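Take a look at the structure below.
The values are calculated or read from the model by the stated rules, or taken from the named source; none is laboratory data. Only a predicted model underlies this, so the values are computations on that prediction, with no experimental measurement involved. Neighbour counts run over all protein chains shown; Cβ positions are idealised from the backbone, glycine included. Ligands, DNA and RNA are excluded from the accessible area calculation, which covers all protein heavy atoms including side chains. Shrake-Rupley method; radii C 1.70, N 1.55, O 1.52, S 1.80 Å.
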Amino acid sequence: MEGKVIWFFGRPCAGKTSLANSVKNELLALGVKTISFDGDELRKGINKDLGFSIADRQENIRRAAELAALFARKGYWVVCSFVTPTEAIREMVHQIIGHALTMVFVSTPLEVCSARDTKGHYKKAQAGELANFTGITSPFEEPRNMALAIDCGTLSLEEATQGCMEHLLKDIRD
Ligand SMILES: Nc1ncnc2c1ncn2[C@@H]1O[C@H](COP(=O)(O)OS(=O)(=O)O)[C@@H](OP(=O)(O)O)[C@H]1O
Ligand SMILES: Nc1ncnc2c1ncn2[C@@H]1O[C@H](COP(=O)(O)OP(=O)(O)O)[C@@H](O)[C@H]1O
């Protein structure tokens with residue numbers, strides 16, 4: 001049976017990794033064969049030759065989407081978390097993965113992400129010390145026509161996970 005790809009995208013510090021891990025754990029608990037890929041993780045190995053220009057982000061996401069599609073064809077549910085900053089890059093993800101794809105926009109606003117700043121990147125970018133940082137010195141395009149957007153600035157991790165799971169399980173029933 002063909003698997004699925006659930007692709008979380010949003011600004012740095014939006015809560016993508018936390019939500020992806022939580023959804024992965026729910027799926028595993030339901031007995032679904034699940035695997036996850038995260039931007040930070042892939043950039044340490046398979047994508048370590050890439051930086052943060054738009055061209056490098058596009059190549060980063062192309063490789064990630066091809067990997068995800070491959071695993072989905074082998075029956076896995078693949079949970080992905082990447083910034084995926086532009087509509088053109090998101091469209092490429094659709095082209096590569098096709099109907100197995102569910103996109104989830106983690107819509108936590110810039111002010112909340114910037115206040116979280118877990119790695120100090122926002123502070124550096126705002127001080128002019130970090131070029132090409134998403135939302136400050138590199139674009140983050142708000143998506144149009146999102147079926148599923150989850151604000152992890154106002155929802156708890158448990159509420160956000162619940163919202164995702166309801167959507168995914170409804171998808172399976174329909
Ligand atoms: N310049 C710049 N811009 C954006 N992000 C940066 C940058 N430099 C380092 N980082 C860290 O890299 C993580 C995002 O990597 P991604 O592979 O998800 O990005 S992308 O989809 O290719 O745009 C992102 O991690 P998350 O916070 O988990 O999103 C950042 O911590
Ligand atoms: N729903 C939430 N409510 C409150 N804080 C959250 C929530 N989701 C994530 N966080 C916190 O926000 C920070 C960034 O989360 P993370 O999952 O690393 O985001 P991203 O992968 O988008 O950079 C972490 O400190 C995390 O604990």
Leu27 being under 17 Å from Ile96 (Cβ atoms), away from ligand 1 (no atom under 15 Å from the Cβ), in a helix (DSSP H, G or I) and not basic (Lys, Arg)
no
Can you work out which of the residues in segment 138-150 that are within 16 Å of ligand 1 (Cβ to nearest atom) and over 23 Å from Lys124 (Cβ atoms) is surrounded by the fewest Cβ atoms within 10 Å (Cβ to Cβ)?
Glu142
Pull out all pairs, ordered by first then second residue, where Cβ-Cβ is under 6 Å, the residues are six or more apart or on different chains, the first lies in segment 32-52 and is outside any loop (DSSP other than H, G, I, E, B), and the second is open to solvent by 40 Å² or more (accessible area, probe 1.4 Å).
Thr34/Lys24; Thr34/Leu28; Ile35/Phe71; Ile35/Tyr76; Ser36/Lys24; Asp38/Thr17
Select from segment 1-24 the residues that are open to solvent by 40 Å² or more (accessible area, probe 1.4 Å) and more than 21 Å from Lys74 (Cβ to Cβ) and write down the one among them that is nearest to the chain's Cα centre (by Cα).
Thr17
Filtered residues of segment 61-99 (kept if among the small types (Gly, Ala, Ser) and crowded, with 17+ Cβ neighbours inside 10 Å)
Ala64, Ala65, Ala68, Ala69, Ala72, Ser81
Name the pairs whose Cβ atoms lie under 7 Å apart, with the first residue in segment 5-31 and more than 21 Å from Val93 (Cβ to Cβ), the second more than 14 Å from ligand 2 (Cβ to nearest atom) and assigned to a helix (DSSP H, G or I), and 6 or more positions between them or separate chains?
Glu26/Met165
Within segment 88-130, how many residues turn out to be touching a strand residue (DSSP E or B) at 6+ places or on another chain (Cβ under 8 Å) and in a helix (DSSP H, G or I)?
5
